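> I have a structure I would like to understand better, so I am pasting it below and will then ask my questions one at a time.
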Amino acid sequence: MSSRPDASPPPAPAVFPTWGAELFDAVRRDGRRRVVLQVPAGLVRNAHDLAAQLREATGARVTVAARACFGACDFPSVDEAPKADAAVVLGHAPIPNVTLARPTYFVEMREPGGDPAALAATIDRAGLPSRLGLVASVQHLGLVEPLTAALACGGRTVRVGTGDRRLAYPAQALGCNYTGAESIAAEVDAFLFLGTGRFHPLGLAFAVERPVWSLDPLQNVLEPPIDRGALVRRRQLAVAVARDARRWGILVSSFAGQNRMPTALALQERAQSRGRTAEIFVFDRLDPRDLEGRSVDAYVNTACPRIALDDGDLYPKPMLTPPEFLMALGDLPLDPYRFDTYH
Ligand code: SF4
């Protein structure tokens with residue numbers, strides 16, 4: 001993990017709803033001269049244009065961080081861009097309990113679209129349960145309040161949860177943290193996720209034992225719940241396959257918001273006390289090729305939990321999350337399944 005060059009308090013994040021003048025003014029006003037720009041996968045094509053706009057509007061030297069980025073947990077480190085005096089990170093809200101190494105401008109790319117009345121009508125037509133929990137990607141958080149009101153007008157009870165210190169906003173979801181949803185799960189019969197793609201509905205389905213509907217608010221397209229039972233059975237099978245592993249590899253990421261070294265050390269101790277060997281491997285961005293040819297029977301990954309859950313099949317040996325590892329050792333039951341919440 002990169003460290004700050006002096007002992008001054010870590011900088012607070014600057015947050016902007018959209019790309020544009022407000023951000024440019026702040027970068028200029030703060031006197032930033034060298035900026036590293038990070039864009040999410042969906043905006044890679046536009047990275048050059050965005051860099052040019054930022055350069056022109058602020059007069060700063062702008063470089064583009066080329067490494068793939070998956071969340072606000074893996075913003076460019078000081079080692080990756082040593083000369084930059086600030087970072088501009090697109091598409092993510094800051095993670096409140098992750099320490100920043102340098103001044104960072106988060107541009108959340110909020111989406112203003114979506115018609116609450118039309119969305120509520122779609123939900124009514126599909127016959128969703130009357131007690132609903134709302135969860136949203138950061139881009140669509142602005143819809144939570146008006147959609148809650150529209151659904152309440154139709155007689156529904158809508159709950160919005162507040163998560164732990166890894167979440168910046170009520171109703172927000174991260175792929176590794178659905179604590180807001182978990183806090184209200186007992187009060188609702190189903191969840192409605194506002195956003196696009198399967199990444200969050202899938203994570204939410206792992207985290208809460210409730211049906212998770214998914215609504216693309218701009219297209220007004222509602223997707224039925226994912227089969228949670230099938231997801232969980234697949235992971236229980238992965239646990240069963242790894243149960244006899246004697247030599248474990250424990251994976252630790254150096255990204256600021258993915259580093260769980262204390263967890264890794266505790267798991268290493270646990271493995272050894274159960275007669276297994278366990279070696280800790282450190283990396284920044286994990287690549288399946290880095291794990292080839294190692295004398296290891298199975299891995300437990302303390303970095304982003306979605307690597308094991310979504311991409312585990314890409315790796316040469318079974319890869320479990322920390323709770324699954326404890327299941328494999330017999331220290332936790334297989335049922336109920338426990339999602340690896342990154343707090
Ligand atoms: S740890 Fe994974 S799921 Fe969590 S914010 Fe980072 S990339 Fe997203």
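The values are calculated or read from the model by the stated rules, or taken from the named source; none is laboratory data. What you see is a predicted model; the values in this text were computed from it and never measured. Every residue, glycine among them, receives a Cβ derived from its backbone with ideal geometry; neighbour counts consider all protein chains shown.
> Scan the strands (runs of 3 or more DSSP E) fully inside the range 90-162 and keep the ones with 2 or more residues being among the small types (G, A, S). First the steps, then the outcome.
Working: elements: 104-107, 131-136, 157-160.
Where strands (runs of 3 or more DSSP E) fall fully within the range 90-162 and carry at least 2 residues being among the small types (G, A, S), they are 131-136.
> Look through A205, A266, A298, A256 and report the one residue that is outside the structural domain of F191 (by TED's automatic domain parsing), surrounded by 22 or more Cβ atoms within 10 Å (Cβ to Cβ) and either under 30 Å from F75 (Cα atoms) or at pLDDT below 95 (or both).
Numbers: A205 fails: outside the structural domain of F191 (by TED's automatic domain parsing); A266 fails: surrounded by 22 or more Cβ atoms within 10 Å (Cβ to Cβ); A256 fails: surrounded by 22 or more Cβ atoms within 10 Å (Cβ to Cβ).
Only one candidate passes the filter, namely A298.
> Within the group A81, A72, which residue is in a loop (DSSP other than H, G, I, E, B), at pLDDT below 95 and more than 16 Å from the ligand (Cβ to nearest atom)? Talk me through it step by step, then tell me what you get.
Working: A72 fails: more than 16 Å from the ligand (Cβ to nearest atom).
Just one listed residue meets the conditions, A81.
> Now a separate question. Any idea which of A86, A81, A68 is among the small types (G, A, S) and surrounded by fewer than 16 Cβ atoms within 10 Å (Cβ to Cβ)? Give the steps one after another, and end with the answer.
Details: A86 fails: surrounded by fewer than 16 Cβ atoms within 10 Å (Cβ to Cβ); A81 fails: surrounded by fewer than 16 Cβ atoms within 10 Å (Cβ to Cβ).
Answer to the check: A68.
> Looking only at the range 155-198, how many residues end up being closer than 23 Å to P13 by Cβ and aromatic (F, W, Y)?
The number of residues fulfilling the criteria is 2.
> Something else about it: Of everything in the range 248-265, what is within 18 Å of P288 (Cα to Cα) and either in a loop (DSSP other than H, G, I, E, B) or of a type in the set (K, R) (or both)? Give them in sequence order. Break it down into steps so the answer makes sense when it comes.
Taking the range 248-265 first, the residues within 18 Å of P288 (Cα to Cα) are 248-255, 258.
Selection gives S254, F255, Q258.
> OK, next. Within the range 328-342, can one find any residue that is within 16 Å of the ligand (Cβ to nearest atom) and among the hydrophobic types (A, V, I, L, M, F, W, C)?
yes
Residues are listed down the side, and each one gets a yes or a no for (1) in contact with a strand residue (DSSP E or B) (Cβ under 8 Å, 6 or more places away or on another chain); (2) within 16 Å of the ligand (Cβ to nearest atom); (3) in a loop (DSSP other than H, G, I, E, B):
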position: L267; (1), (2), (3): yes, no, no
position: L286; (1), (2), (3): yes, yes, yes
position: G293; (1), (2), (3): no, no, yes
position: I307; (1), (2), (3): yes, yes, no
position: K317; (1), (2), (3): yes, no, yes
position: L326; (1), (2), (3): no, no, no
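> Something else: Which number in (1) at pLDDT below 95; (2) within 19 Å of the chain's Cα centre (by Cα) marks the one condition that G154 misses?
Among (1) at pLDDT below 95; (2) within 19 Å of the chain's Cα centre (by Cα), the lone unmet condition for G154 is (2).
> Criterion first (away from the ligand (no atom under 16 Å from the Cβ), outside any loop (DSSP other than H, G, I, E, B) and not assigned by TED's automatic domain parsing to the domain that holds D287) does A66 satisfy it?
Details: away from the ligand (no atom under 16 Å from the Cβ): yes; outside any loop (DSSP other than H, G, I, E, B): no; not assigned by TED's automatic domain parsing to the domain that holds D287: yes.
Criteria not met by A66.
> Let me ask something additional. Output the residues belonging to the range 212-249 that are crowded, with 18+ Cβ neighbours inside 10 Å and either of a type in the set (G, A, S) or within 21 Å of A185 (Cα to Cα) (or both).
V212, W213, S214, L215, I226, R228, V232, A238, A242, A245, G249
> With the structure loaded, tell me whether G195 is in contact (Cβ under 8 Å) with a residue 24 or more places away in the chain, in contact with an Asp or Glu (Cβ under 8 Å, 6 or more places away or on another chain) and within 16 Å of the ligand (Cβ to nearest atom) or whether it fails that test.
Details: in contact (Cβ under 8 Å) with a residue 24 or more places away in the chain: yes; in contact with an Asp or Glu (Cβ under 8 Å, 6 or more places away or on another chain): yes; within 16 Å of the ligand (Cβ to nearest atom): yes.
So G195 passes the test.
> Is it the case, given these coordinates, that S273 is in contact (Cβ under 8 Å) with a residue 60 or more places away in the chain and more than 30 Å from L134 (Cβ to Cβ)? Please lay out each step first, then the result.
Values: in contact (Cβ under 8 Å) with a residue 60 or more places away in the chain: no; more than 30 Å from L134 (Cβ to Cβ): yes.
Judged against the criteria, S273 is not a match.
> Continuing with this model, one more query. Is it the case, given these coordinates, that A205 is over 30 Å from P13 (Cα atoms), more than 16 Å from the ligand (Cβ to nearest atom) and in a helix (DSSP H, G or I)?
On the way: over 30 Å from P13 (Cα atoms): yes; more than 16 Å from the ligand (Cβ to nearest atom): no; in a helix (DSSP H, G or I): yes.
When the stated conditions are applied, A205 does not pass them.
> Would it be correct to say that L43 is modelled with pLDDT under 95 and not assigned by TED's automatic domain parsing to the domain that holds F255?
Numbers: modelled with pLDDT under 95: yes; not assigned by TED's automatic domain parsing to the domain that holds F255: yes.
Here the answer is yes, as L43 does meet what is asked.
> Can you name the condition, by its number, that I280 falls short on among (1) within 14 Å of the ligand (Cβ to nearest atom); (2) in a strand (DSSP E or B)?
Checking I280 against (1) within 14 Å of the ligand (Cβ to nearest atom); (2) in a strand (DSSP E or B), the one that fails is (1).
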